[in-house]
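See structure below.
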Amino acid sequence: MRTQVAIIGSGPAGLLLGQLLHLAGVDTVILERRSRDYVEGRIRAGVLEQGTVELLVEAGVGDRLKAEGLIHTGFDICIDGSRHRIDLEALTGGKTVTVYGQTEVTKDLIAARLASGAPLVFEAENVALHDIDTERPRVTYEKDGATHTVDCAVLAGCDGFHGVSRGSMPDSVLKTYERAYPFGWLGILADVPPVSHELIYATHPDGFALASMRSETRSRYYIQCPLDTDLADWPDDRLWDALKTRFGDAAAAAMRTGPSIEKSVAPLRSFVAEPMRHGRLFLAGDAAHIVPPTGAKGLNLAAADVRVLSWALIDLFRDNSTAGIDGYSAACLARIWKVQRFSWWFSTQLHNFDTEPAFERRVHRAELEYLLESESAQKTLAENYVGLPFVDPRRVA
Ligand code: FAS
Ligand code: PHB
């Protein structure tokens, strides 16, 4: 098989890149390790930045998003049970976020890919990248007992944190930066109405908690938990009680509880791999970076990478211009590090760090109190939360 761009991974990054390139007449093949059911069944992110929504609409997959997505103009910060609203719309001159699950984004993108007839290979095993620093890179994979080869001009590594793409770059080229947090998030999905019409980020002596949602009838909650948390120790009743404690009396009285339809523990990590290009291999999304989910940035960062990579590759194949691909890594990393900063800051302010000295703990509480008193501080929070501007790779110095 021969194509212009071989995309590894059919998560949001790979699917969105494939869709944008297909619309621009660039040939692509997407190779996915898992089955379609597995990919469409993953429960992940829930909040889309305005720029991500606009990009999905531009990609032609915005109909259900516009019909079912919930536009949010603000969220609450709850400090020991006392709630304070951050008015995103007022603080950013009209910007908002949309609540629409990553699961739904993935389903919409897969449906569009299949409708386009462009190749999407599920259950592609043992994907391997070859000759990535030559003009003729290729990918091999196994399926139905046979080994297949895809000859291409460009490889897009959209295969997430545990994929093969980043590891295909020489150690001499790759530099990684990482911070592991000493706790995780225990998440629950339940078909009960959300406790509030907007998200609530709570800090409490027992730990962080987040009240989110997938619709007006399906709630998504998280609590900070030890990394070695065993789900067997957290029956639903215990989790609901912990949420009521951490959100305070008013929310506790209003909270609707019910059986969980999904429950999981995820570690928190900050990670960046540099550069995001080697030869004809370009990394995008979680393959290149991970952020703690506190700032709702993981999926949105993946979309921002894809926005930049699609510009670069369309210029390459349409105008034979290399300005975009030459500026790709620097353009993405300039924005990624600012988003890493925000995600780290928001996580640090709201979570309990058991080993944190008393002085730092008091400074964090003072920073939260300053945030609630200062419109300038709230503007900074708001402009990061709704999403920083995309960086055009063709204009990177
Ligand atoms: P993905 O990991 O989504 O997709 C990579 C794809 O590549 C997968 O389909 C995988 O099967 C495939 N793949 C991997 N190895 C392969 C190989 N060798 N060959 C072929 N295919 C391969 N972000 C938020 O903003 N908010 C959240 O609340 C949030 N919660 C999360 C919870 C969990 C448990 C996890 C793991 C992540 C969460 N994230 C959250 C981050 C998440 O949404 C990612 O940022 C987003 O999925 C990134 O998309 P991709 O870069 O496409 O990577
Ligand atoms: C979610 O709904 O899964 C979600 C929302 C906001 C976050 C993190 C996760 O900051």
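The length gained on full extension between ASP354 and ARG179, counted as 0.36 nm times the residue separation minus their Cα-Cα distance, comes to 61.4 nm. Sorted largest first by accessible area at a 1.4 angstrom probe radius, with every protein chain in place, the residues TRP345, TRP337, TRP185 fall in the order TRP337, TRP345, TRP185. A DSSP coil position with no more than 14 other Cβ atoms inside 10 Å describes the following trypsin sites (Lys or Arg not before Pro) in the range 201-305: ARG256. Residue by residue, the range 320-327 carries 3J(HN,Hα) couplings of 6, 9, 9, 4, x, 5, 5, x Hz when phi is fed to the Karplus relation 6.51 cos²θ - 1.76 cosθ + 1.60 (θ = phi - 60°); x denotes Gly or Pro.
For GLU68 and ASP191, the difference between the fully extended length at 0.36 nm per residue and the C-alpha to C-alpha distance is 42.7 nm. For ASP144 and ARG44, the FRET efficiency from 1/(1 + (r/R0)^6), where r spans their Cβ atoms and R0 equals 25 Å, is about 0.30. Taking the longest Cα principal axis of the chain as reference, the axis of helix 358-373 is set at about 90 degrees. Karplus-derived 3J(HN,Hα) values for the range 279-285, using 6.51 cos²θ - 1.76 cosθ + 1.60 with θ = phi - 60°, are x, 9, 9, 10, 8, 9, x Hz; glycine and proline are entered as x. The angle between the Cα long axis of helix 375-386 and the main principal axis of the chain comes to about 40°, on a 0 to 90 degree scale. Cα axis of helix 298-319 to longest principal axis of the chain: angle in degrees, 0 to 90, nearest 10? Value to nearest ten degrees: 20.
Sorting 196-204, 117-125, 172-180 by their mean Cβ neighbour count within 10 Å, with the most densely packed peptide first, gives 196-204, 117-125, 172-180. Each label point was placed 7 Å from the Cα along the Cα-to-Cβ direction; for ALA330 and PHE161 their separation is 3.0 nm. Any of LYS66/LYS297; LYS107/LYS143; LYS175/LYS338; LYS244/LYS338 with alpha carbons more than 27 Å apart? Name them for me. Over 27 Å apart, Cα to Cα: LYS244/LYS338. Three semi-axes describe the equivalent ellipsoid of the range 192-317; taken as square roots of 5 times the Cα gyration tensor eigenvalues and ordered largest first, they are 37, 17, 12 Å. Distance distribution note for the chain: the fraction of Cα pairs above 30 angstrom is 41%. On the basis of the beta-carbon distance and an R0 of 41 Å, THR217 and ASP151 show a calculated FRET efficiency of 0.25. Each of the peptides 1-13, 351-363 was scored by the mean count of other Cβ atoms within 10 Å over its residues; in descending order, highest first, they stand as 1-13, 351-363. With a cut-off of 15 Å between beta carbons, the residues surrounding ALA312 carry a summed charge of +2, where Lys and Arg count +1 and Asp and Glu -1.
The values are calculated or read from the model by the stated rules, or taken from the named source; none is laboratory data. On a predicted model such as this, the values are computed, not experimentally measured, just so you know. We place every Cβ from the backbone using ideal geometry, glycine too, and count neighbours over all the protein chains shown. Accessible surface is based on the protein model in full, side chains and every heavy atom, while ligands, DNA and RNA are left aside. Shrake-Rupley method; radii C 1.70, N 1.55, O 1.52, S 1.80 Å.
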